[in-house]
Structure formats: C-alpha cells, structure tokens
Amino acid sequence: MGEAMVRQQVEAAAEAGRLYPAAHPYTRLVRRIGERLARVTAAGAGGGSQGHLQGMAWEFHVIDSDEANAFVMPGGKVVVYRGLIELVRDVDGLAGVLAHEVGHAVARHVAERVTESAWVLAATALAMALGVDVSRVVALALTLPNSRRAEREADRIGTELMARACFNPEAMAAVFDALGRLEARGPGRPDPLTSTHPPSWERVRDCVAHLGEGAGAGAGGDGRGEVVRRFERAECREFRRGLGLATKRYRLPAGPEPARPSR
Ligand SMILES: [Zn+2]
C-alpha cells in the first residue's frame, strides 16, 4: 500500500518535471545526509523497537516546489521540497529536516497513520479522478493525522539521531526558528499542511530545552546538554573535517520562551 502511494507521488512529480534527478546536487546532498541518518537508526539509535528498521528501504527524493515542506512515507521514503532546502540553507539544518522525518519512521508514526487511515487511499483516488495535484493530496493526507505528540517525538528522536550521525543538533532549533519566521511573514491563512503541527515557536522552545538536558548547572556548566556533548566527540570532529564541514554554533533563542508571532 505504501509502495503504491510512493510511486504515485514520485511519478506525478516526475511527469510534471518536478522530481529532481538522482544526479542533481540537491538530491545527492539529501541522499548523502539521509543515508547517514538511516545507518544510525539501523545501528540501534533513536530508542524504541528497532526490529522494524532493519527491513526499511530508505529512499530520499527532492521535489521542485517553493513550499517549505517534507514528509515521510511508509517503508522509509522521504520527500523534501526545494523550498525547505533553500530555507534551511546549510548541511546541519537539512540534516535536522531529514532527521525529523526519519524520527517519524523510528517511532512508527507512519505505519500507525497509514493503517489507521484507509481514507488516505480514498483521498488519493478522488484527487486523481478530479485531476487535482496528487502529490499535494498525499502529502496532506499523510500529514493531517499527525498529532502534536508525534511531532514532538520526531523532533526529539531526530535531534538524538543528528548527534549520533555527527550533525549539529542545535540546527534543529534553528530550522524551526526559520520556519517560524517564514510563517510570521506568510499569508494570513494558515497552511493546512503545517497547522496540524505544533506552532514553530513551541518546537523551538522544546528543542532548546532538550538541547540543555543534562547540562551541569554549576561551575564549568556551559548550558550544553548531553545531546550536544555527544555531537562534540572527537569522531565527529574528524568526520566533519574530512568533509570540510565547519562546525558553527547556532544562536539559540534566549529566554524560556521565544517570542510568538504577533498575529
Ligand atoms: Zn513531522
């Protein structure tokens, strides 16, 4: 069932000339990062029952669309839109996007969602009959049932995966900060694709709290929690040096709660 939906999604985009080929720099970058994150989950990171991850056939696709969106489908097919790549702009941020989607698969949110919603197929069939953009309907159908709990879980697992795969987990907070800014200056009506997600400012806040967990409060404590320290291990410094990947510090929003958009 999942396979069929993936094929529809990917074929619809390919037909419209919107699926980037495997050789495109965006696709290559997304695959490289995604496959590294996927390897980390197969090694047992991310918590939960890992049995279902052994049979995962990960695929990473990029679609040419301005929308800042990404989603994961059953079996481990991850789709990222160009708009989101260009919003996050750096390797760690892109790893944050992918790690969140991989996190959904680790926590089995995708399987739960699909088995619980046969209407996904009905919606897809209806969209095709009406000539509506199937990719958008599939994305919507797969995103709508997401609960805030599932999103929070995927953010948390994703941050852990990033650190283990040697991507700076601080970038996860920076991604939601950038999304929040985009939402704040966007059109007045909320996008149905994102309105089922927790507000971005809330995700930034939760992320910052997670990044600080286990940080020593006393002398020598610099506010960096366990997950950040895991990323700062020697192996990661070597890995990043090999890629010519600088490790920048992300400026995390100060204070207990980042400002909410005014509208
Ligand atoms: Zn999500």
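Coordinate-derived values only; no laboratory data. In this text the structure is predicted, and so the values were computed from the model without any measurement. Neighbour counts are summed over all protein chains in view; Cβ atoms, including those assigned to glycine, are modelled from backbone coordinates with ideal geometry.
Assorted remarks:
- FRET efficiency, Ala43 to Arg249 (Cβ-Cβ, R0 30 Å, nearest 0.05): 0.65
- Scanning residues 5 or more positions from Ala215 or on other chains, those with amide H under 5 Å from its amide H are Glu226, with H placed 1.01 Å from N in the peptide plane.
- By average C-beta atoms within 10 angstrom, highest first, the peptides 81-89, 18-26: 81-89, 18-26
- Phi angles across the range 94-100 convert, under the Karplus curve 6.51 cos²θ - 1.76 cosθ + 1.60 with θ = phi - 60°, into 3J(HN,Hα) values of 5, 4, x, 4, 5, 5, 4 Hz, Gly and Pro given as x.
- Nearest-0.05 FRET efficiency for Glu86 and Glu226, computed from C-beta distance (R0 35 Å): 0.65
- In terms of the mean number of neighbouring beta-carbon atoms within 10 Å, the peptides 95-103, 72-80, 53-61, 34-42 order highest first as 95-103, 72-80, 34-42, 53-61.
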